[in-house]
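Q: First the structure, which I've put down as structure tokens, then a few questions once you've had a look.
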Amino acid sequence: MLSALGLPNLHVLVVDDDSPDGTGELADKLALESPQSLGVLHRTTKDGLGRAYVAGIGRALEEGADVVIQMDADLSHPASVVPIMVEKLLSTDAAVVIGSRYVAGGSVAGDWGLHRKFLSAWANFYVNTILRLGVKDVTAGFKAWKAETLRAIDVASIHSNGYAFQVEMNYRTVRHGGKIYEVPIRFEQRADGVSKMSLAVQIESALMPWRLLFGRKV
């Protein structure tokens, strides 16, 4: 799917947290077939989504990436929008471009339950009320980053997890004077896997804006 986009010098990195569904094994097989365009990073410690993001982004920067795309592998993020995000990133002064559900033209899958829709909308309202980031989809995990932005915000020092990780990344970007752009996407129901929205993740996400507002400046 990604290989069909026609993006030059595209390299895909799969970050596998010892997934029990065989994701790592499948990714290894694909990497053997296309070693120049696909890599796999295996992690044996399950210490949260944020740590997986940090590990993957760190590897991409080590390998010399100029642009880093972060996206889920459950098909909820439309790969077809990646070229649009990259073009926006490279043709403007954007520090990061978000694939957004909540700008004009964006949407979520029709089979989302009312509770999930409310929770997502409330999270965005809550975070923006406290931090005033001016981002419509502040918890989104579909992003195109300039490598220089990731280095400037010192991704390796971020210790938050879950959706709080996305919020802290956006907050650091704005704090460092970076501009955040959003392009519309249709966010689909995941094709496989289960949500990582545990009670602990929800609590951390609720506390994170206040920690950023009153804590050590980053």
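The values are calculated or read from the model by the stated rules, or taken from the named source; none is laboratory data. Computed from a predicted structure; not experimentally measured. Positions of Cβ are generated from backbone atoms using ideal geometry, with glycine treated the same way; all protein chains shown enter the neighbour counts. SASA here: full protein model, heavy atoms, side chains in, ligands and nucleic acids out. Shrake-Rupley method; radii C 1.70, N 1.55, O 1.52, S 1.80 Å.
Q: Taking Cα atoms of the range 1-43, Rg/Rh with Kirkwood Rh, to two decimals?
A: Numbers: Rg = 10.8 Å, Rh = 10.9 Å.
Taking Rg over the Kirkwood Rh, I get 1.00.
Q: Listed highest first by mean packing, meaning other Cβ atoms within 10 Å per residue, what order do 132-141, 76-85 come in?
A: Ranking, from highest mean packing down: 132-141, 76-85.
Q: Considering the range 85-200, what Rg and Dmax in Å follow from its alpha-carbon atoms?
A: Taking only Cα atoms of the range 85-200, I get Rg and Dmax of 14.3, 40 Å.
Q: Please state the relative contact order of the chain as a whole percent: Cα pairs under 8 Å, 6+ residues apart?
A: Details: 318 pairs, mean separation 54.5, N = 218.
Once normalised by length, the contact order is 25 percent.
Q: Whole number in Å², please: accessible area per residue of the chain, 1.4 Å probe, ligands, DNA and RNA not counted.
A: Accessible area per residue, the chain: 54 Å².
Q: Given the C-alpha atoms of the range 7-152, compute the convex hull and give its volume per residue in Å³.
A: Each residue corresponds to 152 Å³ of Cα convex hull volume.
Q: Quick one: if you take sqrt(5λ) for each eigenvalue of the C-alpha gyration tensor of the range 1-82, what semi-axes come out, biggest first, whole angstrom?
A: 19, 15, 14
Q: Could you list which residues have their amide H under 5 Å from that of Leu13, counting only those 5 or more apart in sequence or on another chain, with H placed in the peptide plane?
A: Long-range HN contacts for Leu13: Gly39.
Q: May I ask which of Lys143/Lys179; Lys88/Lys146; Lys88/Lys143; Lys46/Lys146; Lys117/Lys143; Lys88/Lys179 have a Cα-Cα span longer than 18 Å here?
A: Numbers: Lys143/Lys179 13 Å; Lys88/Lys146 11 Å; Lys88/Lys143 11 Å; Lys46/Lys146 27 Å; Lys117/Lys143 21 Å; Lys88/Lys179 12 Å.
Going by Cα-Cα distance, Lys46/Lys146; Lys117/Lys143 fall outside the 18 Å limit.
Q: Starting at the first residue of the range 116-124, write each ³J(HN,Hα) from the Karplus equation 6.51 cos²θ - 1.76 cosθ + 1.60 with θ = phi - 60°, in whole Hz, x for Gly and Pro.
A: 5, 4, 5, 4, 5, 5, 5, 4, 5
Q: Given the alpha-carbon gyration tensor of the range 133-191, what are the semi-axes of its equivalent ellipsoid in whole angstrom, ordered largest first, with each equal to the square root of 5 times an eigenvalue?
A: 20, 14, 11
Q: Rounded to a whole number, what % of the accessible area of the range 21-148 do carbon and sulfur atoms account for, probe 1.4 Å?
A: About 59 percent, which is the carbon plus sulfur part of the accessible surface.
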